[in-house]
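Input: a single structure, listed below in structure tokens.
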Amino acid sequence: MRPLLLGFLIGCQCFAATETVTPSFRNDIIPAITKLGCNSGRCHGSQYGKGGFKLSLLGFDVASDYNAIVKDLKGRRVNLNDPAVSLVLRKPTLTIPHGGGLRFAVDSSTYNLLLSWIAAGVPEPLATDPRLTSVDARPASRKLSIGEKLPLKVTARFSDGSTRDVTRTCRLEVLNDNVAEVSPQGVVTATAGGRAAVLARYMGKTAVVNLLTPYAPPDESSSFETNNYIDEILAGKWEQLGLRPAGPSSDTQFLRRVYLDLIGILPSEAEVRAFVSDTSEDKRSKVIDHLLERPEYQDFWTLRWGDLLRVTRNGMGEKPMWNFNRWLHRSMGENRPINEMVREILVARGQPNRENVSAFYKMTRSPEEAAEAVSVTFMGLRLGCAKCHQHPFEKWGQDDYYGMAAFFARLDSKPDADYGQATLRLKPTGFVRHPKTQQVVRPSIPGGDTFGYEGDLRIKLADWLTSDTNPWLARNFANRFWGYVMGRGLIEPLDDIRDTNPPSVPELLNALAMDLQKSGFDQKHLLRRITNSRVYQLDSRPAPGSPPDNTFYTFYSPKRLLAEQLLDAITYATHSPDKFPNLPADLRPIQLPDPEVPSEFLDLFGRPRRLVPCECSRLNDSNLNQVLSLMNGEYLQEKIASPSGRVASLFQLVPLEQAIANLYYATVSRPPSDEEFSRTMEILGQRRNAEAKRQVLEDLLWVLLNSREFLFNH
């Protein structure tokens, strides 16, 4: 056996400098393998492994990893008689071919660690091994200047009270590598302005270091008038980062924006003219209050909640879908507190054809699916990855996943003799078993309290989730509504809240969540607070030096209209409505109950199918098919040229000057500029007959409907 060098002993940070200690498979070998990425999802930790060698993802199953290394292939991966010729040493050092390339060198600290473990007889993991309890990274946060270096220290704490410096043996990665980089030794270097987070992962535990690097020195000459705490928090952040906000939005820009964000439709020409002519200082706050009481508010937010709760006949059934839709519409009209709505959904039971929301559970087919849907919808917590293994980016594991599933273990849906339809009820018995140990799992809050199998377990979950002191519900909805209105969430994706995906402005998310809780989970209160902020009312044209991703909200982020909004806006602009099968003739696109109402246009522009509990199901990005449909498709051309449409009516009833202005108001919610007006009048003057002049107006409407100014809320 090769002698162990003192330098190796120090380099591994696993042993005392004065004696040789046998490496622990659990606490030394697995961390070394994880550091190298051998058990990552792209290597041997993938679902089927690589090259016939499979490890658990990131070392979550130590016992199976030991068997894979020591016992599989009849023990050929380790050679106890001649440790140096073991496959686990020869392949990663490229002594023999290895598909994963060179992972470490001969005589490196990792090589010597594995060699000493094999030479010691490959001791297996023991039940008495100290267990890792937490990982801590310091400093927890720091402001750096570009080019500045910061050494980190990552400390592991174990069940026996011991600690270990694992800076060199943990996995370190930067979550925004455009802003900073980190060396294997744990030294961070700031490379550009912005926000970054360093993620330290060690044996299934994680810690995060938050970094902030100014884009430029603070501009003391800049001033920003604040309207509420949102403005104050972000103004302070801009000062820290040396950022300047955009100027204020114009009246027409603001009015179109707030109409689309709060009620999903465009303002009329009369509404725009009245707002612009209003000279009162509080006219913006007054229009916000007015919109929150409009009937279209109910329609639009029923649509948004319908997406969130997956209200669709494809899974619920037609009558339950309509009942759920009516319940949502009524709840929006009454401005029911969010926590009350969530509680009623969580504990629902009975006949979904009756007036209740038990149809929510018809979209889930097992306790596990119910747990995933509830956690992501109401907590913004993606537990799905923990079904089979430790969550790769978070502290959640299989115990958390199946503990959450246990709350729904006794739900049952059986045909009802009275109604002939499935009725959601509770079984007297029912359990969830851990797939690895086959032991009964007790219902438990992720990372929190454990309960027994008594009564309706969902009530205990609802009590916890909707309590005034629980941050999950408030943070989830504060982030979602901020993202809906501002174009990007403080946490992205909106439904992926975890310690290792920190918010861009943590102070603001905390303040919004606290405000929502103190208001009694009042949805209108939160929307009113956001839209009244000066930040919301900024121009969409960024000031020089603003980060293009708008992480710190120095300008309003333009966002493409939702599919239903876009069709509603086109219908309004052309005066040519769609007729939806088996629905009232005057039903607007934002009033559609579910995505099973046929519409090729809505499907093309990203209407969600509502089959998975994820914000990603609504596709709001632009693509070539959409562009070609609007520019060359017959659908839009027919609407523009409709004999009963806007252009035909205007051409017959009003002077051309008024018709031009009306088309601009109907699409981009503003009058034409002098240049736009004079150019259109010039073209009209060149046309000799009425038909040609009408064609000019149709062409103008086509141009406006295809403009970015129309297609985006800005």
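Details
- In terms of overall dimensions, the stretch 432-585 has a Cα radius of gyration and Dmax of 21.2, 64 angstrom.
- Note: relative contact order over the chain, using C-alpha pairs below 8 Å and six or more positions apart, is 11 percent.
- Spatial separation of Cα centroids for the stretch 622-674 and the stretch 147-201, in angstrom: 56 Å
- Convex hull of the stretch 473-553 built on C-alpha atoms - directionally averaged projected area, nm²: 5.4 nm²
- With every protein chain in place, the chain: carbon and sulfur % of accessible area (1.4 Å): 51 percent
- Rg to Rh quotient for the chain, alpha carbon positions, Kirkwood Rh: 1.04
- Magnitude of the charge dipole, the chain, Cβ model with Lys/Arg +1 and Asp/Glu -1, debye to 20: 2220 debye
- Between the stretch 497-533 and the stretch 437-493, the C-alpha centres lie 16 angstrom from each other.
- With respect to the chain, whose longest principal axis is taken over its alpha-carbon atoms, helix 367-379 is tilted by about 60°.
- Taking amide H as placed 1.01 Å from N in the peptide plane, the amide H of A422 sits under 5 Å from that of D416, each at least 5 places away or on another chain.
- Of the residues L567, V347, I491, the one whose Cα sits farthest towards the positive end of the charge dipole of the chain is V347 (charges of +1 on Lys and Arg Cβ, -1 on Asp and Glu Cβ, taken about the Cα centre).
- Quotient of C-alpha Rg and 2.2 N^0.38 Å, computed over the stretch 611-714: 1.26
- Per residue, the stretch 23-102 exposes an accessible area of 48 Å² to a 1.4 Å probe, with every protein chain left in place.
- The distance from the alpha carbon centre of the stretch 66-142 to that of the stretch 561-618 is 56 Å, rounded to a whole number.
- The listed residues Y215, Y259 rank as Y215, Y259 when sorted by accessible area, largest first, using a 1.4 Å probe.
- Estimated vicinal HN-Hα couplings, Hz - the stretch 670-677 in sequence order (Karplus 6.51, -1.76, 1.60; Gly, Pro = x): 7, x, x, 5, 4, 5, 4, 5
- The orientation-averaged projection of the convex hull spanning the C-alpha atoms of the stretch 284-380 amounts to 6.7 square nanometres.
- Using the 1.4 Å probe convention, the accessible area of the stretch 392-528 works out to 40 Å² per residue with neighbouring protein chains retained.
- Selection from S40, F451, S56, by position along the positive dipole direction of the chain (Cβ): S56
- Against the main long axis of the alpha-carbon atoms of the chain, helix 251-263 sits at an angle near 70°.
- Against the main long axis of the alpha-carbon atoms of the chain, helix 471-486 sits at an angle near 40°.
- Share, in percent, of DSSP beta bridges within the chain that are antiparallel, nearest 5: 95 percent
- The mean sequence distance of close C-alpha pairs (under 8 Å, at least 6 residues apart), as a share of the length of the stretch 159-304, puts its relative contact order at 13 percent.
- E318 - accessible surface, heavy atoms, 1.4 Å probe, Å² rounded to 10: 110 Å²
- For the stretch 184-317, the Rg and Dmax computed from alpha carbons only, in angstrom: 22.3, 65
- For the stretch 196-246, radius of gyration divided by Kirkwood radius, i.e. Rg to Rh on alpha-carbons: 1.20
- Residue order by solvent-accessible surface for D177, D515 is D177, D515, largest first, with ligands and nucleic acids left out and a 1.4 Å probe.
- Working note: Karplus 6.51/-1.76/1.60 with θ = phi - 60° gives the stretch 500-515 the couplings 8, 9, x, x, 5, 10, x, 4, 6, 4, 4, 5, 5, 5, 5, 4 Hz, where Gly and Pro are set to x.
- Over the chain, DSSP H runs of length four or greater, each weighted -39,500 (n - 2.57), average out per residue to a 222 nm ellipticity of -11500 deg cm²/dmol.
- Residues in the stretch 294-343 average 34 Å² of solvent-accessible surface per residue, probe 1.4 Å, ligands and nucleic acids excluded.
- For the stretch 156-253, the ratio of Cα radius of gyration to the globular rule of thumb 2.2 N^0.38 Å stands at 1.53.
- Solvent-accessible area of K50 with every protein chain in place, 1.4 Å probe, in Å² to the nearest 10: 100 Å²
- Long-range Cα-Cα pairs in the stretch 71-185 (distance over 20 Å), rounded percent: 61 percent
- Shown here: the stretch 19-140, whose C-alpha atoms stretch 42, 36, 27 Å along the first, second and third principal axes, sorted largest to smallest.
The values are calculated or read from the model by the stated rules, or taken from the named source; none is laboratory data. Predicted model only: the values in this text are computed from it and were never measured. Glycine also receives a Cβ, built like all others from the backbone with ideal geometry; neighbour counts cover every protein chain displayed. Side chains are part of the model used for accessible areas, which takes the heavy atoms of the whole protein and leaves out ligands, DNA and RNA. Shrake-Rupley method; radii C 1.70, N 1.55, O 1.52, S 1.80 Å.
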